[in-house]
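What follows is a single structure, written as structure tokens, with notes after it.
The values are calculated or read from the model by the stated rules, or taken from the named source; none is laboratory data. For clarity, every value in this text was computed on a predicted model and none was experimentally measured. Here the Cβ is made from the backbone with ideal geometry for all residues, glycine too, and neighbour counts use every protein chain on show. These area figures cover heavy atoms from the full protein model, side chains too; ligands, DNA and RNA do not enter into them. Shrake-Rupley method; radii C 1.70, N 1.55, O 1.52, S 1.80 Å.
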Amino acid sequence: MLTCVAFFNFGAHLFGRRLAFSSPVFKLNNGLQYFLIVLFIILSAEQVRILSGKLIFNPFDYSLEFGNIYEDFYKKSAEADGGILAFLITIVKMAIFPLILYIFCESLGKDWKKLALIGFPFAASSMMRGTDKELMDLAILVFVAMFYKGMINRRTVALMLPLFLFLFLVRRVDRYGGYLPPCLADRITCFDFQGTLGSISPSLEILYVFITSYITQGYYALGLTFGLDADWGMGVGHLPPVKSILCSNFDLGCTVRDYQYALDGIGWDPLAQWTSVYPILANDFTFFGVPFFFLVIGIVFKAAEAEWIKARSIYSLCTLIIITQFFIFSSANMQIAISVDWVVATVVFLYVPIIRSVLFAAVRR
């Protein structure tokens, strides 16, 4: 981990300004922007309906019983079979998602109506599934964009952080029906309500245990991964959603045994527990190559930041958001390990600048 962080900083400080960061401009008129936003909402609503049986436009489908919602969602999603319709929705939604991200960043501070419309399916999906991911995605998207646009102040942080922690706490407790077990499912992380935090407030102890578990369980899985064997991922090993689509729809790559498969073989369920970003990247790059991946994104990060400062490029702002999310989720399993929408956004805003810069340098030579 320290090596990877060091390589990221080496890339940013030693080579970042040498990258010819090319920032395309998506010229989307107002009408096209609203069309894409409405399409995004409809596709998101249909995805939620297929997976949960609920409609985000129906106020009676919303509930604050997060535990029941979460349990019901996972039961129904395991049984859901949207067929060709679900496949087409997935393809179209992931194709327009980078444009939605671009519109969001461009509209922040200018058009709050578009922001509200884009934020609606994120929040609604979170409510219908009883999960935190969508709200976390939205929070990071808003916070990073506001930070680079100079809209963050202490009052904003003071309002956003307690609200997020409160929602996080309520959902965690409600998933257990209001009665927490002595230890979490891993049987390693336990509550101590007689300790310092527990004696001040049980809520503080609950927050501490859950947040600590979320941050550290992926690193524990990383430690388990050393010594395990895995097949080369053929370029999509670090993109599990893409691998899943290829396998389920085209019967490609189904027999490739990655580090997630190896962890599952020793009792660490990667669907229920996190693995951290490192084993997932190692599926394609090996553990020796992962630091060089960090080196490259360090270079892109610095180049994108310089481009934002110089030209206020919305494209570079989207790149900065992608890289920030990568680090925030690095202790878990990173966005491109669980969401095909964010896979495409990562390709467009992180991988494409790398490819364009390499091609540009080759042409100049």
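Scanning for something open to solvent by 30 Å² or more (accessible area, probe 1.4 Å) and over 18 Å from the mean Cα position of the chain (by Cα), does segment 274-286 turn up at least one residue? Taking every residue of segment 274-286 in turn, at least one turns out to be open to solvent by 30 Å² or more (accessible area, probe 1.4 Å) and over 18 Å from the mean Cα position of the chain (by Cα).
Just to verify a result, which residue in segment 14-34, among those that are part of a helix (DSSP H, G or I) and modelled with pLDDT of 90 or more, is most open to solvent (accessible area, probe 1.4 Å)? Working first, answer last.
Pass one, segment 14-34, residues part of a helix (DSSP H, G or I): 14-18, 30-34.
Among the residues that remain, those that are also modelled with pLDDT of 90 or more are: 30-34.
On the way: N30: 87, G31: 51, L32: 67, Q33: 11, Y34: 60 Å².
Residue satisfying both the conditions and the ranking: N30.
Out of all the residues in segment 132-140, is one or more open to solvent by less than 60 Å² (accessible area, probe 1.4 Å) and touching a Lys or Arg at 6+ places or on another chain (Cβ under 8 Å)? Looking for residues that are open to solvent by less than 60 Å² (accessible area, probe 1.4 Å) and touching a Lys or Arg at 6+ places or on another chain (Cβ under 8 Å), one finds at least one in segment 132-140, hence yes.
Contact map, segment 252-276: first residue farther than 12 Å from P240 by Cα, second residue surrounded by 11 or more Cβ atoms within 10 Å (Cβ to Cβ) and of a type in the set (F, W, Y), Cβ cut-off under 6 Å, separation 6 or more or different chains; pairs are S276/Y219.
You will find that of V144, V157, V170, the residue that is out of contact with any Gly (no Cβ under 6 Å at 6 or more places or on another chain), crowded, with 18+ Cβ neighbours inside 10 Å and of a type in the set (V, I, T) is V144 and no other.
Per-residue answers, yes or no, for (1) surrounded by 20 or more Cβ atoms within 10 Å (Cβ to Cβ); (2) touching a strand residue (DSSP E or B) at 6+ places or on another chain (Cβ under 8 Å); (3) more than 21 Å from I100 (Cα to Cα):
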position: G298; (1), (2), (3): yes, no, yes
position: K302; (1), (2), (3): yes, no, yes
position: K310; (1), (2), (3): no, no, yes
position: S316; (1), (2), (3): yes, no, no
position: L320; (1), (2), (3): yes, no, no
position: Q325; (1), (2), (3): yes, no, no
position: N333; (1), (2), (3): yes, no, yes
position: S339; (1), (2), (3): no, no, no
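With respect to the conditions (1) free of Cβ contacts under 8 Å to residues at least 24 places away in the same chain; (2) closer than 30 Å to I266 by Cα; (3) open to solvent by less than 80 Å² (accessible area, probe 1.4 Å); (4) not in a loop (DSSP other than H, G, I, E, B), L207 lacks only one, and its number is (1). Picking from T286, T324, which residue would you name as being without any contact (Cβ under 8 Å) to a residue 24 or more places away in the chain and either more than 17 Å from P24 (Cβ to Cβ) or aromatic (F, W, Y) (or both)? Of T286, T324, the one residue that is without any contact (Cβ under 8 Å) to a residue 24 or more places away in the chain and either more than 17 Å from P24 (Cβ to Cβ) or aromatic (F, W, Y) (or both) is T286. Once segment 173-192 is narrowed to residues that are open to solvent by 40 Å² or more (accessible area, probe 1.4 Å) and of a type in the set (F, W, Y), the residue that is farthest from I140 (Cα to Cα) is Y179. Restricting attention to segment 231-240, the residues that are aliphatic (A, V, I, L, M) and either open to solvent by 40 Å² or more (accessible area, probe 1.4 Å) or closer than 19 Å to S330 by Cβ (or both) add up to 2.
Of all the numbered requirements in (1) modelled with pLDDT of 85 or more; (2) assigned to a helix (DSSP H, G or I), I56 misses one, and that requirement is (2). Among the listed residues I89, I69, I100, I37, identify the single one that is over 25 Å from V343 (Cα atoms), open to solvent by less than 30 Å² (accessible area, probe 1.4 Å) and assigned to a helix (DSSP H, G or I). On inspection, the qualifying residue turns out to be I69. Residues that are surrounded by fewer than 20 Cβ atoms within 10 Å (Cβ to Cβ), modelled with pLDDT of 95 or more and either of a type in the set (G, A, S) or under 18 Å from the mean Cα position of the chain (by Cα) (or both) do not occur anywhere in segment 241-261.
Of the residues contained in segment 149-168, none is found to be part of a helix (DSSP H, G or I) and farther than 30 Å from S107 by Cα. Of the residues making up segment 66-121, those that are of a type in the set (G, A, S) and at pLDDT below 95 number 8. Taken over segment 175-184, the criterion of being more than 13 Å from S203 (Cα to Cα) and touching a Phe, Trp or Tyr at 6+ places or on another chain (Cβ under 9 Å) is satisfied by R175, P181, P182, C183, L184.
For segment 213-229, does any single residue satisfy the condition of being touching a Ser or Thr at 6+ places or on another chain (Cβ under 8 Å), under 26 Å from G267 (Cβ atoms), hydrophobic (A, V, I, L, M, F, W, C) and open to solvent by less than 40 Å² (accessible area, probe 1.4 Å)? Looking for residues that are touching a Ser or Thr at 6+ places or on another chain (Cβ under 8 Å), under 26 Å from G267 (Cβ atoms), hydrophobic (A, V, I, L, M, F, W, C) and open to solvent by less than 40 Å² (accessible area, probe 1.4 Å), one finds at least one in segment 213-229, hence yes.
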